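Contents: one structure, followed by commentary.
What follows is calculated from the coordinates using simple rules that are stated; it is not laboratory data. Since this is a predicted model, take the numbers as computed values, not measurements. Ideal geometry is used to build each Cβ from the backbone, glycine not excepted, and the neighbour counts take in all protein chains shown.
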């Protein structure tokens, strides 16, 4: 079975194209996602501080008073919080809690008791009034704000800006892959036309000369003056020399045949039998 150089080059070129584009896409995606997560972390902390500052400006609220609770809820909605709940601890151990106020989807906080306890301790020691839990897969921020020793505000925020950036990153990577494949295909077509088309012409002319047609010549645009053009000119020069030498040998063979015929006739004239017959 003959090995096709064209097929080997196509396979190798395809593998290199896939590996190259995959490597570039993975590197860009990892770098951009790491940067996006870093920005998400910083932005989440900034948003939490802004919300805390606004919540603290609301003053003390008696959530047992429905009018004050409704007013607190309206203020939270006005600052952009749509998913939140206010919980109160039944005792100082923070083992049991009850919901005082709720709106939208309640944020799911893992190990809530431990977080509330840590917040109470941090508030007493470091005056820290909020806790952040980040969901980097979905760009969701779960927040707990300290309102008083037994009351906490839990909220969930989806960072739409980060989601939009991630979606934009996917679109850019898709365009990069499409452009990369298109560029490699166009470059492959260029190489095919530049190299293999002329090699096929050279092969066809060689096979034609092998059948006995010594007038076959390579004919293509040699304006590039590259290695294949030089090879084509060399082949045509070789073919011209072969054809010229063949014509020369053919002419000499004809001359020899003519001289042999003349010599034969002369010998026949001097043979004894010929002379007797002539007398």
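Note down the relative contact order for the chain as a percent, whole number, built from C-alpha pairs under 8 angstrom at least six residues apart.
14 percent.
How would 71, 261 line up from fewest to most surrounding beta-carbon atoms within 10 angstrom?
Values: 71 13, 261 10.
Starting with the residue having the fewest Cβ neighbours, the order is 261, 71.
Using Cα pairs closer than 8 Å and at least 6 residues apart in sequence, work out the relative contact order for the range 5-167, in percent. RCO, the range 5-167: 20 percent. As a proxy for reagent exposure, 66, 129 were ordered by neighbouring Cβ count within 10 angstrom, fewest first; the result is 66, 129.
Helix 5-57 axis versus longest C-alpha principal axis of the chain: approximately 10°, rounded to the nearest ten. Nearest 500 deg cm²/dmol is fine: what mean residue ellipticity at 222 nm does the chain get from its DSSP H runs of n ≥ 4 alone, each adding -39,500 (n - 2.57), divided by its residue count? For the chain, the value works out to -22500 deg cm²/dmol. Compared with the dominant principal axis of the Cα atoms in the chain, helix 66-78 is inclined by about 20°.
Sorted from fewest to most neighbouring beta carbons within 10 Å, what does the list 200, 139 look like? The partial results should precede the final answer.
Numbers: 200 12, 139 22.
Least crowded to most crowded, the residues run 200, 139.
Relative to one another, the C-alpha centroids of the range 7-81 and the range 158-234 are positioned 44 Å apart.
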